[in-house]
Amino acid sequence: MALNKIVNTFDEAVADIPDGAIILVGNFAGPGGTPFYLIQALRKKGSRNLTIVANTAGGIGLTLDYDDHRILYENKQVKKVIASFPFSASASKPTAAENQIRAKEVELDLVPQGTLAERIRCGAAGIPAFYTSTGYGTVIAEGKETRDFDGKHYIMERAIKADYALVRAYKADMKGNLVFRGTMRQFNPIMAMNARITIAEVDEIVPAGNIDPEAVVVPGIFVKRIVKIQQPLPFPRNLNRNFWAKA
């Protein structure tokens with residue numbers, strides 16, 4: 001009998017996330033690829049001392065103002081953040097994460113964006129570490145092993161391996177194969193292949209075999225749970241031309 005990966009509610013999907021978990025959160029600089037409802041459910045669950053790995057620390061103000069994973073910081077659920085852009089785009093409007101980092105309430109691991117993607121990808125591929133020239137000679141390199149290759153300087157970066165990944169996809173079949181659209185296809189695919197338990201928030205769930213295999217970005221073997229969105233969001237998921245023309 002086929003394994004049923006469909007979960008009826010977002011609360012049920014995150015119910016086993018414990019205190020102290022390492023969690024990958026798909027996002028970039030806007031709502032398109034953010035697992036909005038999974039984040040709301042995690043806040044409601046109230047798990048504490050979390051390590052959040054994401055491109056931002058939420059609430060940076062580059063696009064729409066909406067409740068992304070900044071609400072986890074506002075609820076004091078985060079112990080550590082690993083991110084490339086943890087601070088607000090406006091110095092006069094610091095994020096909750098920024099305030100907590102400055103107050104030493106949350107530990108920060110600041111990672112260049114390409115390095116962050118590679119650390120996540122290596123965690124998925126079983127590669128424990130790699131060398132990169134990005135950050136050599138800067139604070140990024142402090143405390144890290146350095147080596148020379150062919151006359152160039154490199155620092156060693158360790159892979160990230162997570163307990164959970166909260167990702168956003170457009171469509172899934174009942175086996176968990178995922179299809180992405182637009183800005184959903186940023187950190188989501190590599191995060192989905194990294195974690196011990198990947199939970200996908202999707203617009204549509206179709207029977208197995210209804211997705212063209214060539215369109216599958218993340219195979220279902222990596223995905224443990226899928227949850228279908230049941231209600232429209234108060235903001236656009238994608239860069240809708242008509243919406244932005246009126247903005």
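The values are calculated or read from the model by the stated rules, or taken from the named source; none is laboratory data. Because the structure is predicted, anything quoted here is derived from the model rather than measured. Methodologically, a virtual Cβ is constructed for each residue, glycine included, from the backbone with ideal geometry; neighbour enumeration extends over all protein chains shown.
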>> Going by what's in this entry, would R168 be described as closer than 30 Å to K5 by Cβ, among the basic types (K, R) and either surrounded by 13 or more Cβ atoms within 10 Å (Cβ to Cβ) or not assigned by TED's automatic domain parsing to the domain that holds V216 (or both)?
In response: yes
>> So V7 passes all but one of these: (1) modelled with pLDDT under 95; (2) under 21 Å from V202 (Cα atoms); (3) in contact with a strand residue (DSSP E or B) (Cβ under 7 Å, 6 or more places away or on another chain). Which condition number does it fail?
In response: (1)
> Is at least one residue of the stretch 202-224 surrounded by 21 or more Cβ atoms within 10 Å (Cβ to Cβ), within 14 Å of T34 (Cα to Cα) and modelled with pLDDT of 95 or more?
Replying inline: yes
> Would you say T95 is among the hydroxyl-bearing types (S, T, Y), crowded, with 23+ Cβ neighbours inside 10 Å, free of Cβ contacts under 8 Å to residues at least 60 places away in the same chain and out of contact with any Asp or Glu (no Cβ under 6 Å at 6 or more places or on another chain)?
Replying inline: no
>> I'm checking my understanding of the structure. Among residues of the stretch 38-88 that are surrounded by fewer than 22 Cβ atoms within 10 Å (Cβ to Cβ) and among the aromatic types (F, W, Y), which one is modelled with the lowest pLDDT?
In response: Y66
